[in-house]
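Have a look at the structure that comes next, please.
The values are calculated or read from the model by the stated rules, or taken from the named source; none is laboratory data. Because the structure is predicted, anything quoted here is derived from the model rather than measured. Cβ sites come from the backbone with ideal geometry, for glycine too, and all protein chains shown count toward neighbours. Each accessible area value is taken on the protein alone, full model and side chains, heavy atoms only, with ligands, DNA and RNA left out. Shrake-Rupley method; radii C 1.70, N 1.55, O 1.52, S 1.80 Å.
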Amino acid sequence: MKVLNLTFRVTFPSESEMAASGAVGWCDPESQTIAVSNDQPMDSMQDTFLHEVLHAICHVMGMSDTEKEESFVRRLATGLCTVWNQNPSAFKWRIGLV
């Protein structure tokens, strides 16, 4: 997947690999990898994926500040997922513009 001018690889590690990390997702900007656990409900997976994409965007745009970034990304991902899920026709329209 492209994040601005960089290509990030999206992976779905095994349950044991994710348990070792203690997270349901992570973004490694150095290896340009986003990992998302398959072992979560679909709505949570959607939120986790968007959360990690936002971390990638923050990194690529030089906006990283770990403590503030985590709070911002967590809230923004959940807010965007809510808008996305409650307004599917708006997003279908948006995709048609591409």
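Of the residues that sit in the range 55-98 and are over 17 Å from the mean Cα position of the chain (by Cα) and surrounded by 12 or more Cβ atoms within 10 Å (Cβ to Cβ), which one is modelled with the lowest pLDDT?
The extreme case among them is 91.
Look at residue 16 and say whether it is in a helix (DSSP H, G or I) and open to solvent by 60 Å² or more (accessible area, probe 1.4 Å).
Values: in a helix (DSSP H, G or I): yes; open to solvent by 60 Å² or more (accessible area, probe 1.4 Å): yes.
Judged against the criteria, residue 16 is a match.
A further question follows. Scan 30, 52 and give me the residue that is loosely packed, with under 11 Cβ neighbours inside 10 Å and either modelled with pLDDT of 90 or more or in a loop (DSSP other than H, G, I, E, B) (or both). Can you show your working first?
Details: 52 fails: loosely packed, with under 11 Cβ neighbours inside 10 Å.
Exactly one of 30, 52 is loosely packed, with under 11 Cβ neighbours inside 10 Å and either modelled with pLDDT of 90 or more or in a loop (DSSP other than H, G, I, E, B) (or both), namely 30.
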